1. Across bins of 10 angstrom width beginning at 0, how are the C-alpha pair distances of the range 521-595 distributed, in whole percent?
2. Tell me, what % of the accessible area of the range 199-251 is carbon and sulfur with a 1.4 angstrom probe?
3. Over the range 330-394, what portion of Cα pair distances is larger than 16 Å, expressed as a whole percent?
4. Find, to one decimal place in angstroms, the Kirkwood hydrodynamic radius of the range 379-464, where the mean of 1/r is taken over every pair of different Cα atoms and then inverted.
5. Could you order the peptides 288-297, 52-61, 140-149, 401-410 from most to least packed, using the average number of other C-beta atoms within 10 Å per residue?
6. Using θ = phi - 60° and the Karplus form 6.51 cos²θ - 1.76 cosθ + 1.60, what ³J(HN,Hα) does each residue of the range 532-538 get, whole Hz, x for Gly and Pro?
7. Expressed as a whole percent, how much of the Cα-Cα distance distribution for the range 402-527 exceeds 23 Å?
8. Quote the convex hull volume per residue of the range 113-152, based on C-alpha atoms, as a whole number of Å³.
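The values are calculated or read from the model by the stated rules, or taken from the named source; none is laboratory data. Not measured: the values here are computed from a predicted model. FYI the Cβ positions are ideal-geometry reconstructions off the backbone, even for glycines, and counts take in every protein chain you see. Ligands, DNA and RNA are excluded from the accessible area calculation, which covers all protein heavy atoms including side chains. Shrake-Rupley method; radii C 1.70, N 1.55, O 1.52, S 1.80 Å.
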Amino acid sequence: VTETNNICAVPEGPEGDDAKCSFHHRMFLEPQEKKRSMKALMIKQAKKTCSCTPTKVKDCVFGFFPILRWLPKYKLREDLLGDFMSGVIVGVLLVPQSIAYSLLAGVEPIYGLYTSFFASIIYCIFGTSRHISVSIFGVTCLMMGQVVDREMERAGYKLEPAVLSVPPGAAAHVNTTLSPVNGTWQELLCDRSCHAITVAATVTFLAGVYQVAMGFFQVGFVSVYLSDSLLSGFVTGASFTVLTSQVKYLLGLDIPRSGGIGSLVVTWINIFKNIHKTNICDVITSFLCFLVLIPTKELNERFKSKLKAPIPVELVVVVAAILASHFGKLKETYDSSISGHIPTGFLPPRPPDWTLIPNVALDAVAIAVIGFAITVSLSEMFAKKHGYSVRANQEMYAIGFCNIIPSFFHCFTTSAALAKTLVKESTGCRTQVSGMVTSLVILLVLLVIAPLFYSLQKCVLAVITIVNLRGALRKFKDLPKMWHLSRVDTVIWGVTMAATALISTEIGLLVGVCFSMLCVIFRTQRPEAPLLGWVAESETYESLSAYKNLQTKPGIVVFRFEAPLYYINKECFKSTLYKQTGVNPFWVKAAKKKAAKRMLREKEVGSGDNQTSISTDFVSEPPGFHTIVIDCCAVQFLDTAGIRTLKEVCKDYREIDVHVLLAQCNPSVRSSLIRGEFFKEGEDHLLFHSVHQAVDFALGTQGHSGTSASK
């Protein structure tokens with residue numbers, strides 16, 4: 001609705017018949033009626049939640065088990081070939097990586113295969129993404145390994161993992177004749193390896209519980225605090241720690257694994273202290289593996305559009321290394337460190353150690369947050385790329401169950417992995433049937449092929465781990481571009497990366513989150529606040545400091561504050577406004593009072609006839625404008641301190657005959673102003689829907705008052 005107010009200037013004399021009028025158009029928007037009955041809202045929500053209909057039950061079941069929705073509609077002819085190929089290729093790549101990352105997590109190689117097997121099946125049942133590969137992830141393995149090392153040290157075990165010396169036949173005999181809850185079995189088999197996987201399984205169980213709880217309470221919004229720059233910096237910093245932890249295997253050094261704060265520096269100190277003990281055989285093997293892996297990986301990436309499937313170079317290197325180690329007798333001749341016996345089959349299920357929960361509860365939080373943040377971000381990225389949708393809360397359920405259920409089967413934590421997801425997508429994956437195929441490949445290894453990895457050197461596994469860190473370490477090449485786009489994001493990346501690498505992964509994540517939130521606060525604490533000018537022949541006002549050829553209206557200053565107005569930046573708002581307008585009302589009033597007192601004293605001493613001009617500061621002079629228009633389009637909200645600040649500014653400027661008008665306030669700000677009694681009775685019309693409208697009103701009002709004064 002629009003109403004027109006006439007502001008007329010009627011001069012005296014015969015020409016008074018021709019009245020000059022200016023017109024000011026005011027808009028009245030009728031607000032929607034908001035029903036704020038909490039009781040009615042709660043009753044409505046309770047009825048919606050507690051109602052049970054066949055359709056709702058079906059939707060609930062299908063929503064919780066997405067496989068029931070898409071598997072009956074599976075298109076064999078169109079999708080099976082792509083899913084089969086991608087599943088086999090990812091499985092082939094995953095076998096050596098699972099064994100390699102087991103060392104990173106501080107557990108035996110067989111447990112890495114268990115983890116990859118169960119994670120692929122469970123995510124296929126609960127996940128909503130068609131493309132991501134859920135398996136072992138280097139960063140979470142590193143975090144897990146630090147917890148395992150700490151708890152092993154508390155339990156009195158040596159930090160360096162010992163190879164199980166139980167013969168295959170004896171292990172099979174014990175597994176078939178003794179119950180896992182039997183104390184005898186624990187005495188015989190729960191050595192260093194057994195306790196390590198018990199710690200890892202307990203942490204994994206807790207991380208899964210946290211992730212399921214996040215999904216149940218729908219707190220997926222937590223991931224918004226983990227920005228892309230923060231996650232990238234965290235992964236890069238953790239990659240340095242991963243690389244450092246693998247160097248001892250490259251050199252064949254037998255040094256304890258460092259954990260806690262400053263572990264990266266301590267590890268390098270220990271490496272240089274023991275550099276004279278380097279195993280030449282391991283160094284040569286590592287060099288040859290690098291010489292094969294890096295160029296082939298680069299060729300895979302460069303020609304991935306032309307290759308139907310990536311070259312499984314890791315599997316080729318592993319097979320060649322096993323043959324060379326076995327027939328060359330590298331363990332016996334050169335004392336090279338090998339993987340040792342990897343049993344076939346599955347161990348009986350075993351619950352986590354509930355007594356360890358108080359020790360590892362806090363560590364599981366960081367692992368859970370990183371796991372779900374990586375999984376949700378990757379699933380949303382690939383869903384957007386391929387034109388379908390995923391549900392973030394269901395993804396948290398999926399990754400949570402990928403940790404809870406396997407924790408009873410001697411597994412450790414999992415999450416989505418970018419490198420394997422890219423391979424999966426590029427080799428024709430269409431659905432999560434490819435995950436089932438990957439599980440079958442790993443199952444074949446577990447049941448038949450696992451003992452063949454006995455002679456595999458640990459330095460080969462370390463090389464595979466380090467080569468797969470290339471993506472994270474390449475982020476340094478993107479720093480100039482990132483700095484050009486956003487310096488704040490670059491600083492967040494650098495701080496998070498440095499804290500993660502030099503302090504610890506958990507503290508680095510916390511430092512990154514806190515620092516990024518501080519950056520947001522600092523941005524709102526001292527925001528941009530320019531004066532605006534009029535774009536000719538339009539109703540648009542833009543920053544005078546950003547654009548040329550803008551015009552200003554005589555006697556009117558237009559000011560924009562580009563941030564919420566709240567307790568943190570209220571003083572910045574006032575000081576910037578005073579600086580931009582060049583008029584501080586406190587100084588003007590103080591100068592006027594000082595001048596009045598001085599004149600009074602001079603009159604009292606009889607010098608009134610010979611007064612000289614009183615020199616005052618420029619602020620005591622009348623301001624060169626009569627109206628300030630505050631553009632509030634960028635003010636998202638006001639708190640009580642912000643409302644009080646606006647009241648003070650309007651009052652102070654009113655006392656020196658300067659009017660303050662507000663324009664382009666959003667409904668939230670308008671509501672806050674009304675609730676805070678910002679307007680006196682009958683003054684609510686001084687709130688305008690556009691800057692142009694406010695300026696027109698100020699020009700018309702001043703013209704009317706100027707004409708009235710001349711009468």
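1. P(r) over the range 521-595, rounded to whole percents: 18, 38, 30, 13, 1.
2. On the way: 1260 of 1700 Å².
Carbon and sulfur atoms account for 74 percent of the accessible area of the range 199-251.
3. Working: 1517 of 2080 pairs.
Of all Cα-Cα pairs in the range 330-394, 73 percent lie more than 16 Å apart.
4. Details: mean 1/r = 0.0638 Å⁻¹.
Kirkwood hydrodynamic radius for the range 379-464: 15.7 Å.
5. Values: 288-297: 16.7, 52-61: 9.6, 140-149: 26.0, 401-410: 23.6.
Per-residue mean Cβ counts within 10 Å order the peptides as 140-149, 401-410, 288-297, 52-61.
6. 10, x, 8, 7, 4, 6, 8
7. Numbers: 4620 of 7875 pairs.
That fraction is 59 percent.
8. On the way: hull volume 3.5 nm³, N = 40.
So the per-residue Cα hull volume is 87 Å³.
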